[in-house]
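The values are calculated or read from the model by the stated rules, or taken from the named source; none is laboratory data. The structure displayed is predicted, hence computed values, not measured ones. Methodologically, a virtual Cβ is constructed for each residue, glycine included, from the backbone with ideal geometry; neighbour enumeration extends over all protein chains shown. What goes into the accessible areas is simple: the full protein's heavy atoms, side chains included, and nothing from ligands, DNA or RNA. Shrake-Rupley method; radii C 1.70, N 1.55, O 1.52, S 1.80 Å.
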Amino acid sequence: MTQNGSQPRDLNGAAGWPPLIDPFGRAISYLRVSVTDRCDFRCVYCMSENMSFLPKADVLSLEELDRLCSAFVARGVRKLRLTGGEPLVRRGIMTLVNALARHLRSGNLDELTLTTNGSQLAKYVAEIKAAGVRRLNVSLDTLDADKFRAITRWGDLDQVLGGIDAAQAAGLKIKINAVALKGVNDDEFARLIEWAHGRGMDLTLIEVMPLGEIGEGRLDQYLPLSMVRARLAERFTLDEIDYRTGGPARFVRVAETGGRLGFITPLTHNFCESCNRVRVTCTGTLYMCLGQEDAADLRKPLRTSEGNDLLFATIDEAIGRKPKGHDFVIDRRHQRPALSRHMSVTGG
């Protein structure tokens with residue numbers, strides 16, 4: 001059975017292939033796909049300033065990404081998120097969004113969403129809404145223009161805020177994601193809460209994840225959200241609520257604002273016990289866990305066979321190796337990244 005209790009759909013030759021269940025009995029119903037490793041920002045916790053990007057020949061075409069995503073939908077995935085890098089800098093990205101939207105119209109997909117830095121939102125928001133996307137995550141770590149420029153290295157805060165304005169005006173629901181950075185934005189969380197909730201947007205705070213060399217000390221950036229929550233509890237009433245978006249965030253309701261506040265805590269509170277997610281990179285590499293190096297090459301079966309049997313078999317073998325949890329750790333003994341790949345490669 002799939003997550004919503006229905007039988008798997010007969011798409012792309014999937015008849016006879018069961019839903020995706022990992023070794024711990026968790027149904028894989030959520031796929032995050034990085035459509036590009038490129039970005040128009042260079043956020044200090046995500047990339048080094050001088051990044052080397054993948055050769056275009058290594059990157060899946062939009063048609064291959066559509067086929068790959070559709071194969072996962074055929075096997076029981078109900079939620080699909082497009083990420084990057086920055087997905088909206090991928091040339092022709094709306095061709096892919098519009099193609100995948102057919103699964104929303106057929107009822108085979110519950111939700112198609114994007115995570116974006118907001119820089120290109122004003123340009124694409126009308127097309128995004130028309131395709132059937134109803135919700136976006138926007139990464140925004142500060143409301144201070146100078147700080148924003150320092151964090152993103154290249155970004156323009158007004159451009160991002162304009163994109164958020166356009167998205168809300170179009171009726172899209174927005175959730176703001178903010179990475180907690182020690183000594184950088186730790187004095188802004190109350191302001192971010194009041195700003196986001198005042199505009200009807202949820203806010204999720206995220207701990208720094210030890211992925212890739214970025215030219216910064218991870219321990220210098222790392223701010224445990226347990227500490228952040230304790231400080232916020234001195235100012236706000238944080239009421240536990242049973243609310244899930246399909247991702248790893250745990251939410252509270254802020255009584256004073258009426259809005260929801262999420263915490264993603266890969267380091268202080270492992271969130272793996274209910275993991276229903278896998279990630280695919282723009283090269284077709286399937287990562288069963290964000291915090292593990294084990295991966296499977298899906299590009300080869302995509303490019304060497306017209307049918308999907310080989311692709312399905314490769315996916316099944318990989319899901320059979322999905323671990324119980326990740327191995328993220330940051331302390332004085334572990335200041336190097338837990339994994340060599342950058343977050344922009346796997347997808348935020």
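Can you name the residue in the stretch 22-43 that is of a type in the set (A, V, I, L, M, F, W, C) and open to solvent by 20 Å² or more (accessible area, probe 1.4 Å) and is also nearest to residue 150 (Cα to Cα) among such residues? Steps first, please.
If we filter the stretch 22-43 for residues that are of a type in the set (A, V, I, L, M, F, W, C), which is where we start, we get 24, 27-28, 31, 33, 35, 39, 41, 43.
Checking which are open to solvent by 20 Å² or more (accessible area, probe 1.4 Å) leaves us with 24, 27, 39, 43.
Working: 24: 42, 27: 40, 39: 16, 43: 8 Å.
Checked the stretch 22-43; the qualifying residue nearest to residue 150 (Cα to Cα) is 43.
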Check: Which condition number does residue 133 fail, the rest of (1) open to solvent by 20 Å² or more (accessible area, probe 1.4 Å); (2) farther than 25 Å from residue 237 by Cα being met?
Finding: (1)
Next item on the list: Look through the stretch 121-158, keep the residues that are in a loop (DSSP other than H, G, I, E, B) and of a type in the set (A, V, I, L, M), and return whichever of them is farthest from residue 45 (Cα to Cα).
Entry: 133
Note to self: Looking at the structure I just gave you, is residue 151 surrounded by 16 or more Cβ atoms within 10 Å (Cβ to Cβ), of a type outside the set (Gly, Ala, Ser) and in contact with a Ser or Thr (Cβ under 8 Å, 6 or more places away or on another chain)?
What the structure shows: yes
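How many of the residues in the stretch 213-234 are part of a helix (DSSP H, G or I) and at pLDDT 75 or above? I'd like the intermediate steps shown before the answer.
Step one: list which residues in the stretch 213-234 are part of a helix (DSSP H, G or I), which gives 218-221, 225-233.
Restricting the remaining residues to those that are at pLDDT 75 or above gives 225-233.
Result for the stretch 213-234: 9.
Being in contact with a helix residue (DSSP H, G or I) (Cβ under 6 Å, 6 or more places away or on another chain) and closer than 20 Å to residue 286 by Cα is true for just one of 86, 64. Which residue is that? Break it down into steps so the answer makes sense when it comes.
On the way: 86 fails: in contact with a helix residue (DSSP H, G or I) (Cβ under 6 Å, 6 or more places away or on another chain).
Being in contact with a helix residue (DSSP H, G or I) (Cβ under 6 Å, 6 or more places away or on another chain) and closer than 20 Å to residue 286 by Cα holds for just one of 86, 64, which is 64.
Given 156, 146, 141, which one is buried (at least 22 other Cβ atoms within 10 Å of the Cβ), charged (D, E, K, R) and modelled with pLDDT of 95 or more? Break it down into steps so the answer makes sense when it comes.
Working: 156 fails: buried (at least 22 other Cβ atoms within 10 Å of the Cβ); 146 fails: buried (at least 22 other Cβ atoms within 10 Å of the Cβ).
Criteria check complete, one pass: 141.
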Next item on the list: Output the number of residues of the stretch 295-321 satisfying the condition of being in contact with a Pro (Cβ under 7 Å, 6 or more places away or on another chain) and open to solvent by 10 Å² or more (accessible area, probe 1.4 Å).
Entry: 3
